[in-house]
Each structure stands twice: as structure tokens, then as C-alpha cells.
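In what follows, a structure is listed as C-alpha cells, so that the remarks can point back to it.
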Amino acid sequence: MNFEFSEEQQMLRDQARNYLSQHCPTTLVRRVLNNRETHDADLYKGIAEMGWTATTIPEEYGGLGMSSLELVVIAEELGRACAPVPFSSTVYLAAEAIMALGTEAQKEAWLPKFADGSAIGCFAMGEAGGAVTPDLMRTTLSDGVINGTKLPVADGGIADVAIVVCAADKGDGATLALVDLSQDCIDKDNVQMIDFSRGHAELIFNGACAEVLGEEGAGWAAVESLMNTAAILFAWEQIGIADRALEQAREYALGRFAFGRSIASYQAIKHKLAKMYVKNTLARSNAYYGAWALNAGASDLAVAAATTRVAAIQASLFAAEENIQTHGGMGFTWEFDCQFYYRRAKLLSLAVGSEKQWQSRLVDGLAATA
């Protein structure tokens with residue numbers, strides 16, 4: 001049985017890697033990081049022109065109608081490049097939510113704009129105080145009016161539309177709302193995270209107009225489904241980060257000499273690189289499982305997503321940390337690029353829930369199928 005991507009998907013990977021190597025070098029990432037920019041608009045425009053933002057959007061809404069397998073290939077390359085773009089917020093979350101739950105009017109209003117890159121979306125779930133559950137949410141939606149505060153919201157400061165998780169008095173305790181962020185009664189305040197190259201914001205809704213996305217009071221089940229999809233897509237970004245961190249560590253070890261020998265010849269460095277490789281390979285194996293389950297709509301998607309997510313978090317964090325250690329004292333300096341992969345790995349490890357949360361989901365999923 002062949003678990004590898006198809007020839008066409010491999011060509012897409014090569015195309016994405018070549019494009020990003022030319023248009024998203026580490027110098028661009030450093031500029032965005034140094035200047036505390038929310039993203040690189042020109043890079044995102046180019047990505048949209050390449051058709052990546054339209055990958056899984058149906059053709060009737062201006063998309064390419066491709067499968068999630070093509071999307072995970074692109075996600076991996078975006079991770080390798082630490083691309084400072086609002087791709088994940090728009091494509092993994094906002095577009096997926098509207099495709100799954102939106103009315104025809106909502107799809108026609110936003111999906112073509114996501115596809116051509118003219119609009120940016122975001123997903124607002126987090127609130128002050130940490131973990132969000134239906135009984136802890138304070139953001140409310142009543143008679144088409146939303147009130148409350150969400151933070152941190154990835155790309156919230158530059159987004160045109162937000163998918164907001166709100167408290168509900170009936171059903172499973174949550175409702176999804178679609179909110180146009182151009183309204184004057186919405187305040188946006190920038191929030192600095194560990195990765196300065198990815199913008200985050202606090203969104204304050206003061207009686208803004210909103211539309212229900214899906215069924216009122218049935219939003220938590222939809223949130224769980226969206227989280228499973230996003231977990232797998234983020235995991236592929238983390239695989240890209242982990243592999244590039246390993247490559248960077250290897251390249252440095254081969255070129256750095258101490259006491260007349262390349263440090264790559266020392267056993268301690270060999271062990272570091274070998275452990276990174278093992279964790280990366282295990283994470284990739286689990287990521288294949290997640291990609292298959294997502295594409296096939298498998299019954300064990302929740303377990304596959306949790307498995308993929310946990311392994312990817314562990315691999316990306318370990319590789320990013322060991323990359324810094326391999327570089328020695330220089331690895332901790334601002335001038336070296338090791339920080340890009342560490343910052344992005346730390347940020348993505350919390351993007352749709354922490355490792356501990358996904359470990360709990362994995363245990364619950366395995367128990368349910370036992």
C-alpha cells in the first residue's frame with residue numbers, strides 16, 4: 001500500500017517550496033519580526049495569485065475544489081518558511097466554517113473573497129481566563145447583536161470577517177456567529193505574542209451586528225469538528241518547522257569546527273540530530289494518518305486529529321529547541337535565524353489548544369472506541 005502523496009501533489013509541494021524560497025526568505029521573516037508587522041501583504045497577495053487560498057473552496061465559489069491532501073502539502077511548506085501570512089486563520093478556520101455551516105448567501109458573500117485573497121478571515125474563540133468551554137464563555141449573541149471580548153485572536157487586527165464562538169442559552173451551550181469586522185462598534189487592540197511575525201488582537205464587540213452561522217445553540221459540535229480539521233492542518237505546518245529546524249541544525253553542525261573537528265563528528269551532536277530525526281519521522285507518520293482521515297471523512301477523525309496534533313507539537317518544539325542548542329551560545333542571539341522556528345513552534349503549540357488538551361482528547365477518543 002502506498003502512503004505517499006501522488007505525483008501531482010509532489011509537484012505542488014515542489015512548486016510551493018520554490019515559490020516560498022524565492023518570495024519568503026528568512027530576511028523577509030526577520031523584517032516582519034523586527035518591525036512588529038502583522039503580516040506581509042505582498043507575500044499573501046502572491047500566495048492568493050498562486051491559488052493556494054482557493055485550494056479547497058468549491059469551484060462554484062471561485063475556488064479550485066481540490067482535496068485536503070493538497071492543502072496539507074501547502075501547509076507543510078508554509079511551516080518550513082515560517083511564512084508571515086494570515087493563511088491559517090482564513091483557510092483552515094474561517095473558510096472551513098463557512099463551507100461547512102454557512103447559508104448560500106453567506107458562502108456567496110465570503111468564499112469568493114477568501115479564494116482570491118481580497119478578504120481575510122479569523123476565528124475568535126479564546127477569552128480572558130484560559131480554556132473556553134460553553135459554561136465559561138461570556139461573549140453573547142442575542143437577536144443578531146453580539147457583545148463581549150475575544151483574545152487573543154490570530155489575525156484579528158487585519159481580518160475582514162470573524163467567526164465568533166458565543167454563549168447560548170439552549171442546545172449545547174454555544175452558537176457560532178459570523179461578524180463583519182468593518183463595523184464601528186468593534187474595537188481592535190493588538191496583542192503581542194511570542195512570534196511577532198504573526199499578528200494577534202483583542203476584539204471587543206459593543207453591540208455589533210452578527211449573523212448566526214449554522215444552527216443557534218448547536219455551535220459546540222461544530223467547534224469540535226473545526227478544531228479537528230485545523231489540528232491536522234496546523235500539524236503539517238509544524239512538521240515543516242521541525243524538518244527545517246533539523247536541516248538548519250545539521251548544516252550548522254557540519255560547518256562549525258571546534259578543536260580541529262566538525263562538531264557534527266561529536267557523539268553528543270549526533271545524538272541530538274538523531275533524536276530530532278526520530279521525533280520528526282514519528283510525527284510525519286501520524287500526520288499521514290491525520291491527512292488520510294481528514295480527506296476520507298473517517299469515523300476516527302477525532303482520534304487521528306488528536307494523535308497528529310500531539311506528535312506534531314512534540315516534534316516541532318523539540319526540533320526548534322535542539323536547533324538552538326546545536327548552535328550553542330550563538331543560537332540564542334537575535335542575529336541567528338533559529339528563533340524563527342522556535343517562536344513559530346511555540347505559537348502553533350497553542351493555536352487550537354495546548355498539548356495537554358489534545359492529550360485529553362486523545363485519551364477520551366480512544367476510550368470511546370474501546
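Throughout, read-outs are computed from the coordinates displayed, never taken from laboratory work. Owing to the predicted nature of the structure, the values given are computational and were not obtained by experimental measurement. A quick note on method: Cβ atoms are made from the backbone with ideal geometry, for glycine too, and the neighbour counts reach across all protein chains shown.
Descriptive notes on the structure:
- Highest GNM mean-square fluctuation among Gly207, Gly148, Gly255, for the chain modelled with Cα contacts below 10 Å: Gly255.
- Cβ-based net charge around Gly171, under 11 Å, with every Lys or Arg adding one and every Asp or Glu removing one: -3
- Largest mean-square fluctuation among Lys113, Lys270, Lys150, in a Gaussian network model of the chain whose springs join Cα atoms under 10 Å apart, belongs to Lys270.
- Net charge of neighbours whose Cβ lies under 13 Å from the Cβ of Gly207, counting Lys and Arg as +1 and Asp and Glu as -1: -3
- Between the Cα long axis of helix 7-23 and the first principal axis of the chain there is an angle of about 80°, rounded to the nearest 10.
- The chain: angle of helix 355-369 to the longest principal axis, Cα-based, in degrees nearest 10: 70
- Computed over the chain with a Gaussian network model linking Cα atoms closer than 10 Å, the most mobile of Asp187, Asp160, Asp143 is Asp143.
- Under the convention that each Lys and Arg Cβ holds +1 and each Asp and Glu Cβ holds -1, the size of the dipole of the chain around its Cα centre is about 1960 debye.
- Within the shell defined by Cβ-Cβ distances under 9 Å, the residues around Leu33 carry a net charge of +2, with Lys and Arg each +1 and Asp and Glu each -1.
- In order along region 143-149, the Karplus-derived 3J(HN,Hα) couplings, from 6.51 cos²θ - 1.76 cosθ + 1.60 at θ = phi - 60°, round to 6, x, 10, 10, 9, x, 10 Hz, and Gly and Pro are given as x.
- The chain: relative contact order as a whole-number percent, Cα under 8 Å and 6+ apart: 15
- Cut-off under 5 Å, modelled amide H: who pairs with Gly214 long-range: Thr103
- Listed values (1) 0.99; (2) 1.16; (3) 0.94 include one computed from this model; for Cα Rg over 2.2 N^0.38 Å that value carries the label (1).
- Simple Cβ-charge dipole of region 1-138, Lys/Arg +1 and Asp/Glu -1, about Cα centre, in debye nearest 20: 640
- Over region 1-109, the fraction of Cα-Cα pairs per 10 Å bin, rounded to whole percents and listed from the shortest bin up, is 13, 43, 31, 13, 1.
- Straight-line cross-link reach from Lys346 at under 23 Å between alpha-carbon atoms covers these lysines, not counting any fewer than eight positions away in the same chain: Lys150, Lys272, Lys275, Lys279, Lys356.
- Convex hull (Cα only) mean projected area of region 220-369, reported in nm² to one decimal: 9.5
- Counting only alpha carbon atoms, the long axis of helix 267-296 and the longest principal axis of the chain meet at about 30°.
- Exposure here means at most 10 other Cβ atoms within 10 Å; with chymotrypsin sites (Phe, Trp or Tyr not before Pro) in a DSSP loop as sites, the longest stretch of the chain lacking them is 4-258.
- Sequence-distant residues sharing a close amide H with Asp172 (under 5 Å, placed H): Ala218, Gly219, Trp220
- The mean sequence distance of close C-alpha pairs (under 8 Å, at least 6 residues apart), as a share of the length of region 7-116, puts its relative contact order at 33 percent.
- Within the chain, percent of DSSP bridges classed antiparallel, to nearest 5: 85
- Of every Cα-Cα pair in region 121-217, the percent that sits beyond 19 Å: 34
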